[in-house]
Amino acid sequence: MPAAKELLRERTLQDIEANAWGEPTFSSSLVIRCHALRRKPLKDFSPGDMRVMIGQEIGLPYLLPMALEALVADPLVEGDYFPGDLLLTVLRRSVDELAGIIALDELVSIARRALAMDGRELARREREEIEQRVSVLNGGEAVGE
């Protein structure tokens, strides 16, 4: 990992964005977790932490590249709930959100690898959603084309 990337990952989202949110004003577990994660060094984020923050559209310029690295290593990496939940969370972002931050062709390749993997079954619902999202990223082409 290049030195600049290593240095960035030593920092927190709160520090990088120079925006302290303070303490949560709403008492839900999701709000409390997001506030806590903004104060956690990026290098310490788990796949589940990335899934939560990306799902809430927090820190995307920093977390999407990290998620992509995790997905390259294991397309079905589990972020707390089921194999492939981090991949689905990334795929659920709009094309515009993704395109400015990560390479869409690399994400499509990762998703196709996930669909082809043996050993860990994707539930039918998740498999269909991955196929649909890949089709959108491909400009409407079916996954097998």
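The values are calculated or read from the model by the stated rules, or taken from the named source; none is laboratory data. Worth saying up front: this structure is predicted, and the values here are computed from it rather than measured. Ideal geometry is used to build each Cβ from the backbone, glycine not excepted, and the neighbour counts take in all protein chains shown.
Within the stretch 40-88, restricting attention to residues that are within 21 Å of Q132 (Cβ to Cβ) and β-branched (V, I, T), which residue is modelled with the lowest pLDDT?
By that ranking, first place goes to V77.
Please verify whether I54 is in contact with a Ser or Thr (Cβ under 6 Å, 6 or more places away or on another chain), within 25 Å of A114 (Cα to Cα) and among the β-branched types (V, I, T), treating the condition exactly as stated.
yes
If you check every pair at least six apart or on different chains, which have Cβ atoms under 9 Å apart with a residue in the stretch 2-27 that is in contact (Cβ under 8 Å) with a residue 12 or more places away in the chain first and a residue that is of a type in the set (F, W, Y) and in a loop (DSSP other than H, G, I, E, B) second?
Between residues of the stretch 2-27 that are in contact (Cβ under 8 Å) with a residue 12 or more places away in the chain and residues that are of a type in the set (F, W, Y) and in a loop (DSSP other than H, G, I, E, B), the close pairs are R9/F45; Q14/W21.
Which of (1) in contact with an Asp or Glu (Cβ under 9 Å, 6 or more places away or on another chain); (2) small (G, A, S); (3) modelled with pLDDT under 95 does A103 not meet, given it meets every other one?
(1)
Here are the criteria: (1) surrounded by 15 or more Cβ atoms within 10 Å (Cβ to Cβ); (2) at positive phi. Tell me which single one E57 does not satisfy.
Evaluating E57 over (1) surrounded by 15 or more Cβ atoms within 10 Å (Cβ to Cβ); (2) at positive phi leaves (1) as the failure.
All but one of (1) surrounded by fewer than 21 Cβ atoms within 10 Å (Cβ to Cβ); (2) under 29 Å from H35 (Cβ atoms); (3) free of Cβ contacts under 8 Å to residues at least 24 places away in the same chain hold for S109; state the number of the condition that does not hold.
All conditions pass for S109, except number (2).
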